[in-house]
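> Below: one structure in structure tokens.
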Amino acid sequence: MTLALFLAVLLVGIALGIPVAFALLLASLALMLNMGIFSSDILAQSLVNGIDSFALLAIPFFLIAGETMAVGGLSKRIIRLAMAMAGHRRGGVGYVAIITAIVLAGLSGSAAADAAALVSILFPMMRQAGYPADRSAGLLASSGIIAPVIPPSVPLILVGVAGNLSITKLFLAGIAPGLIMGAALCVLWGFLSRNNDIAPLPKVSRAERIDALKDGIWALLLPLIIIVGIRFGIFTPTEAGVVAAVYALGVSTFVYRELTLRAFYRVLFRSAHATGMIMFLVGAALVAAYMITINQLPQQLATLLGPLTEDPKLLMLTIMVLVFLVGMVIDLSPSILILIPLFLPIVREAGIDPIYFGLMFVMNTSIGLITPPVGTVLNVVCGVGRIRLQDTVKGTLPFVSIYLVLLGLFIAVPELITIPMAFIVG
């Protein structure tokens, strides 16, 4: 069975430590040989054509915007503003982390970058105030994974490219579920903090709040510019990436004046490095997608899941369980590029909205960023916060649980996503 052959070669390659992009190329080669053909031209042309996409140009620009945000003073001012507004409440620093994560998500779209920014500034503050280290690290990690859902989101761009879906619709549709994720964290954090005896931060004066707002307004304007611009057709998601990068560089250089020439070099270097890895992965994944299509693997998978297509909610539940298990052992981007071409035809056949499915897929695989054994965001939090992995895993358990409950709620009541999506997208 060609589906079993593809998965076996891919999973064995990953288990042997071969980079995912090369494992995808090996799996594609196995499918070619299974068909009795070998053509280096097909591999090369598909690899090049896979990254020859205007939509993918958004990735390096959003990465530049995110890196600039981290070193140019935008993150620091957003945290200061959130602290002025919510720091005086019981469990206030936790609410600050969640609010900040939501705003940062609208600036960078990178879970790892947002988590690093949150941990570097807020984790020492939470420990000094007396919050348990494991729970604090768990909250910060869980807040960071809101970024892949709220635009601008690199994973949503990859879903659009891999599934041939509208990136504009994915971006706009991600606003409501991202905010719901933040609200769920706030409710859970309030419940967990209800009996703590940690003294809240002093309430700042009205003048200090206004000053924090004035200082952070330039950072707050960026997600608003991106969302409004995309919603009203002023620019495409790709052009929004350029706008975000230029805006972040301009504000960091001429308004906050914290972006030095050396820091700008680091921004470009890190962005180029990340872009190179993502682009090669995308190219290899689209080679695999081409071979998947001509070998009719989606049809074979549809045969296996065929009885479930009559019940869309049961089909969604089955796929989401499979995706969650895959997300625990494979990182976010490879999961998208491998599985979206396989599952999307089945989802369409069952009458499930592909935009809704794309958002559910990204939310599900984002949870994998804070679950072992891979847990990219877990490792970032442990490295930046200098805390043991097992402590961070323990701290994330309540937040992973609330995310899974939320995922189940979205499966049972898809209108929680589709109705706001219809209203925002228009």
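The values are calculated or read from the model by the stated rules, or taken from the named source; none is laboratory data. As the structure is a computational prediction, the values presented were derived from the model and not from experiment. All Cβ positions, glycine included, derive from the backbone under ideal geometry; neighbour counts span all protein chains shown.
> Could you list all residues from region 409-425 that are of a type outside the set (D, E, K, R) and free of Cβ contacts under 8 Å to residues at least 12 places away in the same chain?
Leu409, Val413, Ile419, Ala422, Phe423
> Could you count how many residues in region 352-394 are among the polar types (S, T, N, Q) and buried (at least 22 other Cβ atoms within 10 Å of the Cβ)?
Summing the residues that are among the polar types (S, T, N, Q) and buried (at least 22 other Cβ atoms within 10 Å of the Cβ) in region 352-394 gives 4.
> Taking region 225-238 as the search range and keeping residues that are touching a residue at least 40 places away in the same chain (Cβ under 8 Å) and either touching a Pro at 6+ places or on another chain (Cβ under 9 Å) or part of a helix (DSSP H, G or I) (or both), which one is nearest to Ile167 (Cα to Cα)?
Pro237
> Could you give me the residue pairs with C-beta distances under 8 Å whose first residue belongs to region 256-272 and is closer than 11 Å to Thr68 by Cα, whose second residue is surrounded by fewer than 16 Cβ atoms within 10 Å (Cβ to Cβ) and not hydroxyl-bearing (Ser, Thr, Tyr) wherever it lies, and which are 6+ apart or on separate chains?
Filtered contacts from region 256-272: no entries.
> Somewhere in region 371-392, is a residue closer than 26 Å to Ala412 by Cβ and either free of Cβ contacts under 8 Å to residues at least 12 places away in the same chain or assigned to a helix (DSSP H, G or I) (or both)?
no
> So, of the residues in region 30-54 that are surrounded by fewer than 16 Cβ atoms within 10 Å (Cβ to Cβ) and either at pLDDT 80 or above or among the hydrophobic types (A, V, I, L, M, F, W, C) (or both), which turns out to be nearest to Ser166 (Cα to Cα)?
Taking the candidates together, the pick is Phe54.
> Out of (1) out of contact with any Phe, Trp or Tyr (no Cβ under 6 Å at 6 or more places or on another chain); (2) over 30 Å from Asn295 (Cα atoms), what's the single condition that is false for Ala86?
Result: Ala86 passes all but (1).
> Right, here's the next one. Taking Ala113 as the residue in question, decide whether it is crowded, with 20+ Cβ neighbours inside 10 Å, under 24 Å from Val326 (Cβ atoms), of a type outside the set (Ser, Thr, Tyr) and free of Cβ contacts under 8 Å to residues at least 60 places away in the same chain.
yes
The rows are residues; the columns are (1) surrounded by 16 or more Cβ atoms within 10 Å (Cβ to Cβ); (2) over 30 Å from Leu156 (Cβ atoms); (3) out of contact with any Gly (no Cβ under 7 Å at 6 or more places or on another chain).
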position	(1), (2), (3)
Ala207	no, yes, yes
Leu213	no, no, yes
Ile217	no, no, yes
Phe232	no, no, yes
Thr238	yes, no, yes
Val242	yes, no, yes
Tyr256	yes, no, no
Leu259	yes, no, no
Arg262	no, yes, yes
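> Another question, then. Would you mind listing the helices (runs of 4 or more DSSP H) fully within region 293-365 where at least 1 residues are more than 19 Å from the chain's Cα centre (by Cα) and under 24 Å from Ala176 (Cα atoms)?
So the answer is 312-329, 332-349.
> Name the residue, out of Leu170, Leu185, Leu156, Leu179, that is assigned to a helix (DSSP H, G or I), at pLDDT 90 or above, aliphatic (A, V, I, L, M) and within 10 Å of the chain's Cα centre (by Cα).
None of the other options fit; the residue is Leu156.
> Something else about it: Quick check on this structure: which one of Ser193, Ser205 is polar (S, T, N, Q) and in contact (Cβ under 8 Å) with a residue 40 or more places away in the chain?
Going through Ser193, Ser205 in turn, just one is polar (S, T, N, Q) and in contact (Cβ under 8 Å) with a residue 40 or more places away in the chain: Ser193.
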